[in-house]
1. Test ILE361 against the criterion of being surrounded by fewer than 19 Cβ atoms within 10 Å (Cβ to Cβ), under 19 Å from GLU283 (Cα atoms) and at pLDDT 95 or above, and give yes or no.
2. In the range 180-205, how many are free of Cβ contacts under 8 Å to residues at least 60 places away in the same chain and either outside any loop (DSSP other than H, G, I, E, B) or under 20 Å from the mean Cα position of the chain (by Cα) (or both)?
3. Exactly one of (1) touching a Phe, Trp or Tyr at 6+ places or on another chain (Cβ under 9 Å); (2) under 22 Å from SER277 (Cβ atoms) is unmet by LEU79. Its number?
4. So, in the range 216-226, exactly how many residues are in a loop (DSSP other than H, G, I, E, B) and in contact (Cβ under 8 Å) with a residue 40 or more places away in the chain?
5. Of everything in the range 122-142 that's out of contact with any strand residue (DSSP E or B) (no Cβ under 6 Å at 6 or more places or on another chain) and over 28 Å from GLY263 (Cβ atoms), which residue is modelled with the lowest pLDDT?
6. Kindly list the number of the only condition in (1) buried (at least 16 other Cβ atoms within 10 Å of the Cβ); (2) outside any loop (DSSP other than H, G, I, E, B) that fails for ILE71.
7. Quick check on my filter: what residues within the range 240-272 are free of Cβ contacts under 8 Å to residues at least 60 places away in the same chain and out of contact with any helix residue (DSSP H, G or I) (no Cβ under 7 Å at 6 or more places or on another chain)?
8. For a quick check of your reading: which helices (runs of 4 or more DSSP H) sit entirely within the range 227-331 and have at least 3 residues that are polar (S, T, N, Q)?
Amino acid sequence: MNTIVGIIGGGQIGKMIAQEARRMAIEIVVLDPTPHCPAAAVATKQIVADFKNQNALRELAESCDILTYEIELGDTEILKTLEIEGFKIFPAPETLRIIQDKFLQKQYLKTYDIPVPEFFEILSREHLAECISQIHFPAILKLRKDSYDGRGNFTLKQIDDLSSLLFTHSLNGNLSQRKYMLEKFVPFIKELSVMVARNFEGEIQAYPVVENIHEEHMLKMTIVPAQISKAIIEQAQRIAKRAIESLNGVGVFGVELFLCANGELLINEIAPRPHNSGHYTIEACDHSQFELHLRSVLNLPLVPPLLLSPCVMLNIIGEGEEEHPYTIEGIKDVLAIPGVKLHLYGKKYLKKRRKLGHLTILAPTVEEALEKAGKVQQLIKVLPLVPDAK
């Protein structure tokens, strides 16, 4: 296609976009602060610099035909400047600006009558206590920007949680300096997500609705398809499409929702990029989320994605407070199970909450996929390689 796509971020999502691009003869240039990042193994070139480095962002834009991102940490001001100068950037910097601030995101969706949990902008410690008095415990305190995978989220169940949190290092001083928001806790019965693809001609397609299992605000397992009624599936896809259309989004977006006991659906968060809960699409759908992301930003036709097989996606997550080289045990045993597909991201070090890979487990039914997933979880082990003390 003689096209060069630039990606802000060179992690696993950038790698999987690049792998799909290679199949379509599209070259990839990535910007990432980590030398030899996962996407560098597939990309034509890596620019080693921070996501917000203005000179590096300009260099990236000048070296490609289309600019996109796999992480929402880019500097929207320089991206807007580049857009005004004529560089093609998708999703648009204004869309990124709204989504990367969780408070602005919720405020924007509410303006378009898209259902979201009750939320507040937090201005000070005193204001935080006042807001909690309005919605009561439990509540979720969230860092508005520069956080993902549950980082910067704090669950407050009682007054003691609030008192201790206010004196931790992360919240020391005036809360307004770091910009937090507060959300009413939603007593959901399922956490769902929908991947939505939209090109800049307005064509839009939604993937199947999936169910997500989180631990400490971080995705652990995705079940495909979600075991919900047809009416809820249609409602979730409709809400997700409305949200992306309202944002004038171009690309693939991950829309996370809460399903309440009364059937109500509320948007939790939107990711302006392919999403962890959409990784299953590589094997389980006829078109992966990464292909439809490339189609969207290149304004190519979008086709309705077809689910080929039920499945379960499991994240392989590192633990430990310090970075260490690591080994993964059980790979041989796991790969002996029919229908198991292994993806390792090539990250050199493990640390707490770092995603090192994922497994997609295909089966004729969700129940069989879940049974296989239970076996896989028992077999796969991430172990640090710590030198013996002398």
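The values are calculated or read from the model by the stated rules, or taken from the named source; none is laboratory data. All figures in this text were calculated on a predicted structure; none of them were measured in a lab. All Cβ positions, even for glycine, are placed from backbone atoms using ideal geometry, and neighbour counts span all protein chains on display.
1. Working: surrounded by fewer than 19 Cβ atoms within 10 Å (Cβ to Cβ): no; under 19 Å from GLU283 (Cα atoms): yes; at pLDDT 95 or above: yes.
So ILE361 does not fit the description; no.
2. 2
3. All conditions pass for LEU79, except number (2).
4. Taking the range 216-226 first, the residues in a loop (DSSP other than H, G, I, E, B) are 216-217, 225-226.
This time we only want the ones that are in contact (Cβ under 8 Å) with a residue 40 or more places away in the chain, so: 216-217, 225.
Here the count works out to 3.
5. Step by step, filter the range 122-142, then rank; the result is ARG125.
6. (2)
7. Hits for the range 240-272 are ALA240, LYS241, ILE244, GLU245, ASN262.
8. 230-246
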